[in-house]
Amino acid sequence: MSSPEKPVRQSVSIPPRIAREVQALAKRKKSSTNRVIVDLIECGLEAQDQEKRRFFELADRLASSSDAAEQKRLKEELARMTFGD
């Protein structure tokens, strides 16, 4: 039987505006600010993973596509993901 992961204590500095938003969110959820911060970090990490998977999916589609119009569209979408709008 594996033991649960031991939490790591980490100190971070966040801007006051974000701290107020986190505290308000914790109050609305009737949760601790620590739990809200952990949830937000987990959501952010998952979003990054999803974006990475989407990027590689588009790159694979580009590599396998023989349609010039689709290749152009995929290249534009990949460029937007890489460099922004």
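Work out from phi, with θ = phi - 60° and the Karplus expression 6.51 cos²θ - 1.76 cosθ + 1.60, the ³J(HN,Hα) of each residue of the range 31-44, listed in order in whole Hz, and give x for Gly and Pro.
Values, residue by residue: 9, 7, 5, 4, 4, 5, 4, 4, 4, 5, 5, 4, 5, x Hz.
How much FRET efficiency would the formula 1/(1 + (r/R0)^6) give for residue 21 and residue 55, where r is the Cβ-Cβ distance and R0 is 35 Å, rounded to 0.05?
Calculated value: 0.75.
Where Lys and Arg each count +1 and Asp and Glu each count -1, what net charge lies around residue 28 among other residues with Cβ under 14 Å from its Cβ?
My count for the surroundings of residue 28 gives +3.
Using the heavy atoms of the protein chains alone and a 1.4 angstrom probe, what is the accessible area of the chain per residue in square angstrom?
So the chain comes to 90 Å² accessible per residue, rounded to a whole number.
Over the chain, what is the mean sequence separation of C-alpha contacts under 8 Å (at least six apart), divided by residue count, expressed as relative contact order in percent?
15 percent
Between residue 31 and residue 64, what is the label-to-label distance in nm when each label sits 7 Å out along the Cα-to-Cβ direction?
Spacing of the two 7 Å Cα→Cβ label points: 3.7 nm.
Tally up the carbon and sulfur contribution to the accessible surface of the chain as a whole percent, 1.4 Å probe, everything protein left in place.
Carbon plus sulfur share of accessible area: 54 percent.
What is the helix-to-structure angle for 16-29, meaning the angle in degrees between its Cα long axis and the longest Cα principal axis of the chain, kept from 0 to 90 and rounded to the nearest 10?
Orientation of helix 16-29: about 80 degrees from the principal axis.
Over all Cα pairs of the chain, how is the pair count split among 5 Å bins, expressed in % and running from 0 up to the last occupied bin?
Final binned percentages: 3, 11, 14, 14, 11, 10, 11, 10, 8, 6, 2.
Over the range 25-64, what lengths in whole Å, largest first, do the semi-axes of the equivalent ellipsoid take, defined as the square roots of 5 times the eigenvalues of the alpha-carbon gyration tensor?
Semi-axes, largest first: 35, 7, 4 Å.
The values are calculated or read from the model by the stated rules, or taken from the named source; none is laboratory data. Only a predicted model underlies this, so the values are computations on that prediction, with no experimental measurement involved. Quick reminder, even Gly has a Cβ in these numbers, built from the backbone with ideal geometry, and neighbours come from all protein chains shown. Areas reflect the complete protein model, heavy atoms only, side chains present, ligands, DNA and RNA absent. Shrake-Rupley method; radii C 1.70, N 1.55, O 1.52, S 1.80 Å.
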